[in-house]
Structure formats: C-alpha cells, structure tokens
Amino acid sequence: MSLMEDLQRTTKLRVFPRSFAGNELGEIGMVRTETETLAAVSGKLREKFSGRDMGGYLLCPTDHGNRLALNELFPFTKPVAIGRKAASFGLGDRLGYANPAQVRAIAKTELLPVLAQQSLRELTLTGRTNPQVIDVAAWAVFREGFRKGFASDGDHLKSKPEIADALKAGCTMITLDCSLALKSCAAGERELEAGFESLPAAVRKAYEETYLRSRAPEEFGLKFTKGGLYKLSVVYGGALELIRDVYFDLLVPAGRPIDFEISLDETVETTSPEAHYFVAVEMEKMGVEATSVAPKFVGEFQKAIDYIGDLDELRRTMKIHAAMADRFGYKLSLHSGSEKYSVLPVIARATGGRFHVKTAGTSWLEAVETISKHDPALYRKMHRTALQHLDDAKKFYVVHCDASRIPPLDTVSDGDLPHYLDLGNNDSRQLMHITYGFILGDPALKKEIFDFLNSHFDLYESEEEELCDRHLNLLK
Ligand code: ZN
C-alpha cells in the first residue's frame with residue numbers, strides 16, 4: 001500500500017495528493033491536521049528528516065532543516081534563476097500562507113513564478129528572514145507538485161552588504177534599487193554642466209560620441225540634446241557605478257546564474273525613454289547583463305489601487321521602453337502590479353508577452369478581506385490598530401490615503417465591513433495595506449490572524465487563487 005493510501009485509510013489527516021512522491025528509499029507527501037501542514041515520510045527516507053515517529057511513518061514540520069532535506073531529494077524545490085527569455089511574475093507572501101494558492105494560479109499559465117520575494121522593508125516589518133521565506137515557497141511547490149521551477153527575489157536591495165546577505169540566503173534574483181544612488185535632477189543648468197565638465201575627458205568624449213553624434217538613438221525615435229546628456233550623466237552616474245560594482249563584485253563571482261533586475265522605479269521622476277536608453281547603453285558598454293529593468297513609468301503606481309494617470313501616454317511610452325528592452329535583450333519589468341488591472345494588458349501587449357511583473361502586498365490584503373467577511377470582531381481590532389499607526393506607516397509608502405475620508409468603524413455594521421476593501425475605496429484599502437507591519441507587530445493580534453488563517457485554510461486559499469487568476473488572466 002502506498003503511503004498516501006495508508007494515511008487515507010488509517011488517519012484523519014487530509015492529504016495533498018499532488019505532493020506524494022518517492023524513490024527506492026521511501027515516500028514523502030504533505031498532509032494537514034486541523035491546524036498545521038506537515039510532511040509525512042516513510043521508509044528509509046525517514047532518516048533524512050526530523051519529526052514525530054507515528055509508527056509506519058514520520059510526521060515532520062515544514063521547517064528549514066526539513067526543507068534542506070527536501071531540496072536534496074527534489075531539485076525542483078530549490079529556487080532557480082529564470083533568465084531573460086521566459087516571462088515571469090512575482091508574488092509576495094508576507095504571511096507565509098499564500099504561496100500554494102499562488103502556485104495553483106500560476107500553473108494555469110506559461111509564466112514562471114518568483115514565489116519568495118520580500119524586500120528588506122517587508123522582512124523588517126514582518127520579522128521574517130530570507131531563508132524562512134524560501135522555506136515556505138519550497139514546501140508550496142512540493143505540495144502542489146509544481147516542477148517548472150521558481151525564483152527567490154532579494155527585492156529592492158540598495159547596497160552591496162544587503163545583496164551579499166541575500167545571495168548567502170539563497171536568493172536567485174537580486175533587485176537592485178538604485179534610488180539612493182540616483183541624483184536628484186532638480187539642479188540648474190549651470191550645475192549640470194559643471195557636473196558634466198568634472199567627468200574625465202575620455203568619458204565626456206565617449207558620451208558625446210554615443211549620444212550626440214551617433215544616429216543609433218534614432219532607432220527609438222530619440223534625439224539627445226547637450227543639456228539632456230549633461231542631466232543624464234549627472235543623475236545616473238552614481239547608479240551606473242553601483243550597478244557595475246554589484247554585478248562584477250558580487251553576482252559574477254557567485255558563480256551561479258542569478259537574475260539581476262535594475263530598479264529605477266522608486267524615485268519621484270519618471271524614467272524617460274532617453275534615460276532608459278542611456279542606462280541600457282552604458283550597461284552594455286560595461287558588460288553588465290541585466291535580466292530585467294524596471295523604469296518608473298509615467299503616472300502613479302500606488303499600493304492596493306489601480307493606476308492613476310494617462311493610459312494613452314503610458315501605452316505610448318511603454319512601447320518604446322519595451323522596444324529598448326528587446327533590443328538590449330532583457331525583460332521590461334513592472335512593479336506594484338497588484339490591482340493594476342488597467343495596466344497589465346498594456347505591458348503584456350507592449351512586450352509581446354516577455355515581461356516581469358511584480359505584485360507584493362495583495363495576498364495580505366486578501367487575508368484582511370477574508371477576515372472582514374468571516375470574523376468581524378477580529379477585523380475591527382485590525383482596523384483600529386491600522387488607524388493608530390497610519391502616520392508611521394505612511395513614512396514607508398507613498399500613498400494618498402486620508403483617514404478622514406474613511407467611514408468610522410462604529411457607523412459600519414458587521415455585514416458591511418468587507419466594503420472597506422472594495423476596489424475604489426482607496427483610502428481604506430491603502431490603510432489596511434500599508435499598516436501590516438504594525439498589525440503583525442502586536443503579538444496577540446498576530447496570533448489571532450494566524451489562528452483565523454489556520455481555521456479558514458481552504459477559504460483563504462481559494463480567495464487568493466481567484467485574486468491571482470484575476471491578475472494573470474489580464475496578462476494572457
Ligand atoms: Zn519597485
């Protein structure tokens with residue numbers, strides 16, 4: 001009798017049929033008690049895992065040590081680099097409960113998932129580490145029998161030590177956030193010219209050759225002016241040095257494939273096609289191979305709500321950015337993709353389906369929504385905590401959220417609580433989206449949330465899968 005049949009016949013454990021696998025040593029598969037997901041292991045394979053001996057099999061926690069053993073047995077449970085060719089989709093799982101549902105959704109598409117994807121900001125606010133995040137992703141692909149591979153993104157890292165740590169933790173993708181190295185371009189003409197003049201003569205000459213005298217930029221309908229070139233060299237000079245140092249000091253010496261994403265999006269100023277071209281050409285000159293580049297597109301990409309801006313202008317510029325990405329070989333990347341329902345088809349079309357799209361906080365908001373429908377008392381506590389900490393949370397995120405526009409809790413009946421999370425109710429959606437660190441920072445509240453998720457396991461997973469489907473269907 002197989003391990004799965006044995007468990008089904010002799011225990012009340014729920015089994016996840018897609019997970020069961022084995023070799024000549026034994027079998028392993030995932031099961032669930034009322035409150036916990038575990039791995040059941042039989043035969044000699046038991047020696048490789050640690051857990052409770054149940055007689056014929058071992059019941060093992062989905063912890064880090066057991067994950068490493070799982071990685072040894074099934075290489076598809078190890079994160080990999082996705083590369084420049086395949087389109088990819090980043091999903092965040094701040095709570096550690098969303099990955100299996102996300103895997104089920106992505107399995108219905110041709111996209112490859114970045115399942116473990118947390119920025120330092122998210123890790124700090126949730127008190128988690130990169131290895132923990134990868135543990136959750138590895139067990140999720142195993143549970144769902146998803147063998148196409150997944151990546152692990154050290155997201156929005158700004159310095160070499162941060163990146164070195166992420167690489168040590170096993171990240172297979174590095175998103176370099178250049179925002180600290182980008183100079184503000186508020187400087188006047190004189191200053192820009194002085195900045196340019198301070199560059200070594202050979203560098204200046206090369207810049208002038210490439211951007212002012214060459215006809216190559218015309219391929220993208222671009223024409224550089226002297227002033228424009230001065231500005232780009234000053235604004236992007238430091239970022240290019242950082243890109244070069246990270247690539248040659250950390251990524252190349254790592255000696256394994258690593259996806260390298262250049263993020264220019266966390267700045268105030270829109271990345272113009274000229275700026276994108278400048279960065280692309282300079283990277284090529286330095287021999288840096290980026291996997292993807294995330295410009296700051298025109299308009300606003302705020303958390304938890306749809307795009308704010310001129311869609312026609314976005315469509316027009318996105319096409320130029322996509323053509324450039326194609327020409328230089330990397331993928332065009334879009335950040336803050338959650339709930340950007342109007343933008344997802346735009347990037348899919350502009351890139352001909354070769355893109356990277358990141359979503360992050362949406363699985364958290366889905367959990368909040370599920371709680372608002374099924375545990376009004378818990379939702380009210382979370383909402384109150386969120387309001388208390390809104391001002392602090394706004395230091396981390398650029399949002400328009402205004403608490404005075406949110407209907408007071410005591411005027412809303414239990415049955416109407418879910419409306420706080422309705423699309424279009426931007427203030428309350430953003431309130432609940434950005435305060436996750438403070439809500440989870442209250443140990444009693446955190447326990448209640450996790451207890452809720454454990455007792456409404458299927459419900460949350462199916463809502464999360466549906467939410468992912470809604471995004472992914474727009475990218476087809
Ligand atoms: Zn970003």
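Of note:
- The condition of being within 16 Å of the ligand (Cβ to nearest atom), within 29 Å of Ser233 (Cβ to Cβ) and in contact with a strand residue (DSSP E or B) (Cβ under 6 Å, 6 or more places away or on another chain) holds for His321.
- Checked against (1) crowded, with 24+ Cβ neighbours inside 10 Å; (2) among the charged types (D, E, K, R); (3) away from the ligand (no atom under 16 Å from the Cβ), Lys373 passes all but condition (1).
- Screening the candidates Arg52, Arg67, Arg18, Arg94 for the property of being under 30 Å from Gly337 (Cβ atoms) and surrounded by fewer than 20 Cβ atoms within 10 Å (Cβ to Cβ) yields one hit, Arg18.
- Within segment 19-33, being of a type outside the set (A, V, I, L, M, F, W, C) and in contact with a strand residue (DSSP E or B) (Cβ under 9 Å, 6 or more places away or on another chain) holds for Ser19, Gly22, Gly26, Glu27, Gly29, Arg32, Thr33.
- Residues of segment 278-293 that are closer than 20 Å to Pro257 by Cα and buried (at least 23 other Cβ atoms within 10 Å of the Cβ): Ala290, Thr291, Ser292, Val293.
- For the condition in contact with an Asp or Glu (Cβ under 7 Å, 6 or more places away or on another chain) and either touching a residue at least 24 places away in the same chain (Cβ under 8 Å) or farther than 24 Å from Thr359 by Cα (or both), Ala275 does not qualify.
- For Phe224, the criteria (1) within 16 Å of the ligand (Cβ to nearest atom); (2) modelled with pLDDT of 95 or more hold in every case but one, which is (1).
- Scope segment 370-398; condition within 13 Å of Met432 (Cβ to Cβ) and assigned to a loop (DSSP other than H, G, I, E, B); matching residues: Tyr397
- Pair list, Cβ under 9 Å, 6 or more apart: segment 325-353 residue at positive phi, other residue among the charged types (D, E, K, R) and within 16 Å of the ligand (Cβ to nearest atom): Ser336/Asp265; Ser336/Lys303; Ser336/Lys358; Glu339/Lys303
- If you go through segment 227-271 and keep only what is farther than 19 Å from Met173 by Cβ, more than 16 Å from the ligand (Cβ to nearest atom) and of a type in the set (Asp, Glu), you end up with just Glu241.
- Test: Leu222 is in contact with a strand residue (DSSP E or B) (Cβ under 8 Å, 6 or more places away or on another chain) and surrounded by 12 or more Cβ atoms within 10 Å (Cβ to Cβ): no
- Flag if Thr359 is in contact (Cβ under 8 Å) with a residue 12 or more places away in the chain, more than 17 Å from the chain's Cα centre (by Cα) and within 26 Å of Ser119 (Cβ to Cβ): no
- Cβ pairs under 6 Å, 6+ apart, first in segment 180-196 and modelled with pLDDT of 85 or more, second assigned to a loop (DSSP other than H, G, I, E, B): Leu180/Lys158; Leu182/Thr267
The values are calculated or read from the model by the stated rules, or taken from the named source; none is laboratory data. Predicted model, so just to flag it, every value in this text is computed and none were measured. Please note: Cβ atoms are built from the backbone with ideal geometry, for glycine as well, and neighbour counts cover all protein chains shown.
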